[in-house]
Amino acid sequence: MTQQHTEVNNEQIVSYTSQQLRDMYARGENLTDWAKVDSIRNEDIDDSDLPEDFWENARVITPKRKTQISFRVDKELLAWFKQAAATENKASGAKGYQSMMHQVLVSYRQQTERLHHKNNSKQP
């Protein structure tokens, strides 16, 4: 499945596939004006919407590497996740159906751990 990436440019929407973006990057085509970015001083950045202690508590978080696996799901469930992810992508630029499935599994694990912790804390 090829993911589409969308760019809004002068009131028109342009879509690129992941492969087209990789090819553009390989050719050195980059829409970021790095000279402009480099010319901006830290004190010129408006961060007034951040809490005063934001940078004191900020930390770099490196995402965990995921392990590639293979598992079987029925066609209807897969179709549902693909459709849900496609709808979500249009609304928010979110990632694909596999990332959505991962988030569902993470949420399930967190809820199970909370219930387990809650049940264990009630025991005398």
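The values are calculated or read from the model by the stated rules, or taken from the named source; none is laboratory data. Remember, it's a predicted structure, so these values are computed and weren't measured experimentally. When we count neighbours, we look across all protein chains shown, and the Cβ atoms used for this are built from the backbone with ideal geometry, even at glycine.
At-a-glance table
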read-out: Subset of the stretch 66-103 [at pLDDT 80 or above, in a helix (DSSP H, G or I) and either exposed (fewer than 10 other Cβ atoms within 10 Å of the Cβ) or at positive phi (or both)]; value: LYS75, GLU76
read-out: The lone exception for LYS36 - which of (1) at pLDDT 80 or above; (2) under 30 Å from LEU78 (Cα atoms) it fails; value: (2)
read-out: Residue list for the stretch 32-48, restricted to those being out of contact with any Phe, Trp or Tyr (no Cβ under 8 Å at 6 or more places or on another chain) and not in a helix (DSSP H, G or I); value: THR32, ASP33, ILE40, ARG41, ILE45, ASP46, SER48
read-out: Test: residue in the stretch 52-60 that is polar (S, T, N, Q) and either touching an Asp or Glu at 6+ places or on another chain (Cβ under 7 Å) or part of a helix (DSSP H, G or I) (or both); value: yes
read-out: Lone qualifier among GLU113, GLU29, GLU52 - being among the acidic types (Asp, Glu) and at pLDDT 90 or above; value: GLU113
